[in-house]
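Every number here is computed from the coordinates shown, using simple stated rules; none is lab data. The structure presented is a predicted model; accordingly, all values stated were derived computationally and were not measured. Here the Cβ positions follow ideal geometry from the backbone for every residue, glycine too, while neighbour counts run over all protein chains shown.
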Amino acid sequence: MLVYILKRIVYIFCILAVMSVLIFAITQALPGNVARMILGEFATVDQIQAIEEKLRLNDPLPLQYWRWVSALLTGDLGDSLVMERPVAPLISLSLQRSAILAFMSLFCVASIGITLGVIAAVKHNRAPDYGISFFSYLGISVPEFFWGILIILFFARYLGWIPATGYVPLSEGFGTWLSHLIAPVATLTLTLLANISRMTRSSMLEELGTNYVTAARAKGLPERVVLFRHALRNALLPTITVLAVGVGWLFGGIVVVETVFAYPGMGRMLLFAIEHRDLPLIQAGILIITAIYSLSNLSADLLYAYLNPRIRYGRTIA
Amino acid sequence: MTDPNNILEVNQLSLAYDTSYGSLVALDDVSFEIKKGECLGLAGESGSGKSTVARAILGLLGPEATIKKGSLMYAGADLRELSPEEQRSIRGNKISIVFQDPFTALNPSLTIGAQVAEPLIFHKGMSKSEALEKAVDLLASVGINRPREIIKAYPHQLSGGMQQRVLIATALSCDPDILILDEPTTALDVTIEAQILDLLDELCRTRQLGVLFVSHNLAVINRLCERVCILYAGRVLEYGKSSEVFSQPRHPYTKGLIASLASLGSEATNNRLTPIPGGLPDMTALPANCVFQPRCPFKESKCASEIQHLATMDDGRTVRCWKAQKEANLRWTDLPSDHGDVPQKQKASFQPSEKGFIEASNLTKTFSSEGILSELVAKLSKLHVFRDLQRSPHVKAVDGISLAIAPGEVIGLVGESGCGKSTLARCMVRLIETTSGEIFAEGKEISREPERKLKHFRQSAQIIFQNPDSSLNPRKTVGQIIKRPMVLFGLSHNAELDRRVSELLEMVRLPPAYAERYPHQLSGGEKQRVGIARALATSPKFIVCDEAISALDVSVQAAIINLLQDLKEKLNLSYLFISHDLSVVAHLSNRIAVMYRGIICEEGVVEEVLRPPFHPYTEALLSAVPRFDDKTAETTRIRLKGDVLAMAETSRGCRFHPRCPRKIGKICEEITPPVVESASGHRIACHLLTDEK
Ligand code: SF4
Ligand code: SF4
């Protein structure tokens, strides 16, 4: 087991190394002269040369890459070109805000999705099942920004229950803080819900057909025990894997949702960085997202292994 | 209620399933009763409705099933009339069940203790700790050692035999009146089956349980049950004392069933089996009156025109056939014709003079978790890496085996599951690579040949698997399936192909029109015939039959066995015949090789190996087989403890020593017994041999 975890961690580092090369290469390929982007249209040749000198943009690419990576390894993410501040605190702040969004959405997706999946499986091929299928497909087939706009129009503009956009720090009161989160979280949840509920439904259906569920019924156990203790416990295992993949979709969704709701998180920051050719910011941001994604997959696998006694206790004893 | 001793009475039960084809009568007028302390056998092939009966008693029928008629009387009440809540309180408490496959009947993510204790908590209102205490006692009472450790284990950590004991303990936890056993030993090895049957026998006697034993295996029922009820297509055809029913069957179906069984008795081995012609009936279109009609050789016009009632015979049994009393003594084999089958033929005594067609020499196959292969597997499936890492790095599935098969020879390969017999077979046809050793095909070494040079070998060596369903492509017609290997090897072309397909279909006795059908339109026996036809398409010289007939019903099995035998004689084929069913192996083979943990511990001509057995392991295997013909075996029976997988790896001495009932002493633990070969080619690896001299 330990060997396995170590292997996976080494694997993650390999991915990060490859990604760093890719990211570096892509950012170099972005159109436009960096120095000119920073200084604006009317910069003089001298000014450009000065800044290129300062940032050592004329060094050979491998050397530039090496400088970037070695700085990364010492924990130095570089300075933002546009904001002229270190990247690390910038990213950390927006990452925190995005993380709140992500965790809340993930929590909603998991709890609501699993519940709906179980209901659909138990009421298999009856009205609730069809209803849930219909709405979860509706959720998945409409893009985030559409839901986002719809929510803003209805709940914020028409009913006026929640603020339309923006972000307020927690220090301004829990209620206001939360009210700003509702709309983006709801939007993200809507779009991810379908996968989880479909997955739970199908694995739950599979579980309900297993021999051990029949055996549990034959023991005369109450139906709720059969459902939750015998079926759901096993049905959740594949759902965990899907949730981990969901983290990947979540990143995509977050960029859109943060833009729609003017929420100052990672997604918005990245967009800003790309618009302004802020290379260090782009590079660090993408690398961090890659790391988070790999780690979330690893933790899902470990959780899966932990919850599955067939993996946790391998040995035959009698 | 007629007899106060009856704890369960099933009266004229009729049951139908709603299917897309309309209503399907699964049970029709089924009646039987179970007395206290009695074990009733319910025998039948697939589709007979035997499991439906069990489910009906437990109230576990799905919503598609409706009971049309009849009653299920238990403790003075009709189980059918109870509310779902009342039914639930009886289930697992007063009436409990053990299912066929212990591997799947236990929940993989709950501990054994939790699963055994559950009924106690819900029916007896025990606290969790009380229930777990009781679970420990229960596990001990079904012969599980170290029960305190076992309750903390998870199902996958136990062997099949242990798992089945756990399920039996669970079923007995609330002290039920009735125990239903639904094919409880079918998924287990004979040695383990024998242990479980002994346990059940003892439990029946000591606990005054009423047992309903559902099985397709007549010999097992004969071993355990006083009375037996023979079901066919949802009807009771014969019902009476097991001893009488099995020794003098009255209903033509029972007669046919018994005639189709391969027997271990010496006189029967050389005979052809007499299968029941045709296949299991289509439940949606059953023949009128007598359901057995289309397959019955005794049929007369009266069979179709008159309703067949269960009639009581002079010896008290009931039979559903109007001719049963009149022609009680007419035997299945006395029939005027052999239904077009080849007449009785003696198995030619085989002279292994010729050079082996295929020969394995010192073959070893090690499965290891290191290496490129497992890296690949690890990438494909994350799960496997977990499992392998915890397993010991090297598993020697085949450990230095030499085996030669001559043209026209059948070698039967027997041994418990996990002994490596399938691995050996797959190595010999190079489906998997060997670790070391050599394979000669027609004198040519092929174990290291690259795939592109194997074309000729691939054509001459084929394999037939156990499950015809998974090996036939469901989207291809039978004709396309059979043509594929011929096209692949460029054997025939165009019109020639079609002619060859009908020829092959005829060879396996299927009508040529079947070429147009899809696999799902065929019955199990027919699918296996297609599998055989496909294997024959390349005109092979050697065929591996890996449990090729094990999944088939008895009445269908016999026909396939005969077919394999005929084909062998006609085409001079060699088979490596793998089966857990020793009777079938003995029936079909010239020689038998007995495998134990990766080695062959005894090999030789059938007569020499089995009559009488010499090697203690062969002896144990043989005595574990429940039999009709040999009642004395019951008393002289020897029992193996434990099973292959559960035993710790023995690095020194005889591999069998931890379980060997005849172990001599230190020598068995320390020194690997050498293989001694007699003049007739009988090879034995056991110290007893040298000890006696
Ligand atoms: S009733 Fe006729 S067809 Fe049916 S089993 Fe008896 S003899 Fe055969
Ligand atoms: S060598 Fe010893 S332990 Fe092995 S089978 Fe023979 S008697 Fe038994």
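The overall shape of chain A is oblate: from the C-alpha gyration tensor, with semi-axes ordered a ≥ b ≥ c, the ratio a/c is 1.5 or greater and a/b is no larger than b/c. Over chain B, calculate the relative contact order: mean separation of alpha carbon pairs under 8 Å at least 6 apart, over the residue count, as a percent. Relative contact order comes out at 13 percent.
Residues whose amide H falls under 5 Å from that of B:Val398, counting only those 5 or more places apart or on a different chain, are B:Lys365, with hydrogens built in the peptide plane.
Each of B:Asp175 and B:Tyr21 was given a label point 7 Å from its Cα along the Cα-to-Cβ line. The distance between the two points is 4.8 nm. Find the centroid of the Cα atoms in the range B:523-559 and in the range A:3-31, then give the distance between the two in whole Å. Going from one Cα centre to the other spans 53 Å.
For a paramagnetic label modelled on A:Glu172 (point 7 Å from Cα along Cα→Cβ), amide N atoms under 19 Å away belong, within the range A:252-269, to A:258-266, A:268-269. Quick one: of B:Lys455/B:Lys527; B:Lys396/B:Lys541; B:Lys36/B:Lys134; B:Lys396/B:Lys568, which pairs are farther than 31 Å apart, Cα to Cα? From the list (B:Lys455/B:Lys527; B:Lys396/B:Lys541; B:Lys36/B:Lys134; B:Lys396/B:Lys568), the Cα-Cα distance tops 31 Å for B:Lys396/B:Lys568.
According to the calculation over all Cα-Cα pairs in chain B, the P(r) per 20 Å bin from zero is 16, 48, 33, 3 %.
Close amide H partners of B:Ser263, meaning residues 5 or more places away or on another chain with modelled amide H under 5 Å apart, do not exist here.
Relative to the longest principal axis of the Cα atoms of chain A, helix A:279-307 runs at roughly 20 degrees.
Is the range B:436-496 rounded, prolate or oblate when judged by the Cα gyration tensor, a ≥ b ≥ c being the square roots of its eigenvalues, rounded requiring a/c under 1.5 and prolate requiring a/b larger than b/c? Oblate is the answer for the range B:436-496, as a/c is 1.5 or above yet b/c matches or exceeds a/b. Candidates B:Leu610, B:Leu280, B:Leu261 compared by Cα position along the dipole of the protein assembly as shown: farthest toward the positive end lies B:Leu610, with charges placed on Cβ.
The Cα center of the range B:92-153 and the Cα center of the range A:229-297 differ in position by 45 Å. Phi angles of the range A:192-201 translate, via the Karplus equation with coefficients 6.51, -1.76, 1.60 and θ = phi - 60°, into HN-Hα couplings of 9, 4, 4, 4, 5, 5, 5, 5, 4, 4 Hz per residue; Gly and Pro are given as x.
Rounded to 0.05, the FRET efficiency of the A:Trp66 and A:Ala88 pair, given R0 = 25 Å and the Cβ-Cβ distance, is 0.80.
Rounded to the nearest Hz, the phi-derived 3J(HN,Hα) couplings of the range A:115-123 under the Karplus curve 6.51 cos²θ - 1.76 cosθ + 1.60 (θ = phi - 60°) are 4, 4, x, 5, 4, 4, 5, 5, 9, where x marks glycine and proline. For chain B, the membrane-span-like helix rule (DSSP H, alpha carbon extent of at least 27 Å along the helix axis, mean Kyte-Doolittle at least 0.5) picks out no helix; this says nothing about an actual membrane. Assuming a ≥ b ≥ c are the square roots of the Cα gyration tensor eigenvalues, decide whether the protein assembly as shown counts as rounded (a/c under 1.5), prolate (otherwise, with a/b larger than b/c) or oblate. Prolate shape, in that a/c is at least 1.5 and a/b is the bigger ratio.
Averaging over all projection directions, the Cα-based convex hull of the range B:358-691 occupies 19.0 nm² in the image plane. For the pair the range A:47-64 and the range B:1-63, the centres of their Cα atoms are 87 angstrom apart. Put a dot 7 Å past the Cα of B:Asn572, heading toward its Cβ, do the same for B:Arg509, and the two dots end up 2.5 nm apart. The angle between the Cα long axis of helix A:266-275 and the main principal axis of chain A comes to about 30°, on a 0 to 90 degree scale.
Multiplying the residue separation of B:Thr186 and B:Ser470 by 0.36 nm and removing their Cα-Cα distance gives an extension gain of 100.2 nm.
Once both labels are positioned 7 Å from their Cα atoms along Cα-to-Cβ, the gap between A:Thr241 and A:Tyr130 label points is 3.2 nm. To test your reading of the geometry: what angle, between 0 and 90 degrees and rounded to tens, separates the Cα axis of helix A:233-260 from the longest principal axis of chain A? The answer is roughly 30 degrees.
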